[in-house]
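Before anything else, here's the structure in question.
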């Protein structure tokens, strides 16, 4: 079976690697260049997007911000999973909030802003502090503002209005105002839904972010009541979208109650741990789902942590001397803050995982791999 992925980055690469043992042949469409490539070898093929759509048995995506003309072509083929509606919802916070409200899934109190009067109303109804997020084109902490008092309202509105002015009738811009939530931690859940409605959900992960970018995730810590809340939210969202593939849902944990922060209609950074921590990785389950194959087990094999490698030219080879460590390199040119690879490490228990993270902390400098040592200490004391 032939699979076309919209996007040619590391997620397409890992989907292709997971699909090969299933006899799935994968090509990727790079929307920035218009080229069709092999996402592992980067070999370029003499194919147009239309040719690739005809070639493919199923089409999927590794990111949300797909050009509208590309999205329309793929949707018209009736081969596109999870589908244009899911992709559009994941790429627009206004659509995302509307979905959550419709599905009766809790999230932070919010207002939509398209003009100055809406901004003033949001301040009045939600109060300070506020977090403001662009509904389109925001990721990894970009496109966000914080309003804590009257003194910075005018400056922030100036920046917001500049963003709003870049929209047009075909692609209007909007900004979401949310009440800033005092949360205890950030967690996320990854699950897969098949063409027949079958759902398999992975254990919840606890996530750490630095400057808005995920730096570390741990799977295997969660209690049943928290897990069940996340699973209920996931199932409501996936069913509302008639979703096919892997879906990620990020939450704020507020004293044991989960509020959805955002969704991602694709395989997700916080699910990379599943490559070593579950029998079937998120990448394989996504490929199984869009190919119409039975979903694989999502049961945790062992507590596992994922460490993001950001902006580095290589992963230190010394990490491979630590037992139960696997290094994943994406083969991209190095840029500050760019996701270059990740490191997965597993332990027989949370304490054992903490000890291995402590070993890694001696190799990985805190300033470049934040949170590894602190996580090690917390797991050892667990």
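Nothing in this text is a laboratory measurement; each read-out follows from the coordinates by a stated rule. Since the model is a prediction, treat every value here as computed from it, not as a measurement. Methodologically, a virtual Cβ is constructed for each residue, glycine included, from the backbone with ideal geometry; neighbour enumeration extends over all protein chains shown.
If packing is taken as the average number of other Cβ atoms within 10 Å across a peptide's residues, how do 114-126, 287-299 rank, most packed first?
Per-residue mean Cβ counts within 10 Å order the peptides as 287-299, 114-126.
Using a Gaussian network model of the chain whose springs link C-alpha atoms within less than 10 Å, name the residue from 68, 357, 258 with the highest mean-square fluctuation.
Largest GNM mean-square fluctuation: 68.
A further question follows. How would you rank 81, 29, going from fewest to most other Cβ atoms within 10 Å of each one's own Cβ?
81, 29
Still on this structure, please answer the following. Stretch residue 373-residue 158 to full length: gain in nm at 0.36 nm per residue minus the Cα-Cα span?
Answer, rounded to one decimal: 73.3 nm.
Roughly what would the spin-label model give for residue 351 and residue 78, points 7 Å off Cα along C-beta, in nm?
For the pair residue 351/residue 78, the computed spacing is 5.9 nm.
So, one more: Taking the Cα centre of each part, how many Å lie between region 3-20 and region 108-174?
35
Right, something else. For the chain, give the share of DSSP beta bridges that are antiparallel, in percent and rounded to the nearest 5; count only bridges with both residues there.
Among the beta bridges of the chain, antiparallel pairing accounts for roughly 85 percent.
Hey, another quick one. Helix-derived [θ] at 222 nm for the chain: sum -39500 (n - 2.57) over DSSP H runs of at least 4, divide by residue count, nearest 500?
-9000 deg cm²/dmol
Shifting gears a bit: Please work out how much length the chain gains when fully extended from residue 235 to residue 118, using 0.36 nm per residue of separation minus the C-alpha to C-alpha distance, in nm with one decimal.
This chain segment gains 38.9 nm when fully extended.
Just want the ordering: 156, 175, from fewest to most Cβ atoms lying within 10 Å of their own Cβ.
Result, fewest neighbours first: 156, 175.
Extending each Cα 7 Å along its Cβ direction at residue 227 and residue 335, get the distance between those two points in nm, one decimal.
With each label placed 7 Å out from Cα toward Cβ, I get 3.9 nm.
Determine, for 74, 135, the number of other Cβ atoms within 10 Å of each Cβ, and report the residues in order from fewest to most.
The fewest-first ordering by Cβ neighbours comes to 135, 74.
In whole Å, how far is the Cα centre of region 184-243 from that of region 21-80?
Distance between centres, Cα-based: 27 Å.
What FRET efficiency do you get for residue 320 and residue 41 if R0 is 22 Å and r is their Cβ-Cβ distance, rounded to the nearest 0.05?
After rounding to 0.05, the efficiency reads 0.40.
Which distance in nm do the two modelled labels at residue 313 and residue 68 give, with both placed 7 Å along the Cα-to-Cβ direction?
Taking the two extended label points, one gets 4.4 nm.
On a full-extension model of 0.36 nm per residue, what is the gain between residue 196 and residue 20, subtracting their alpha-carbon distance, rounded to one decimal in nm?
Gain on stretching residue 196 to residue 20: 61.1 nm.
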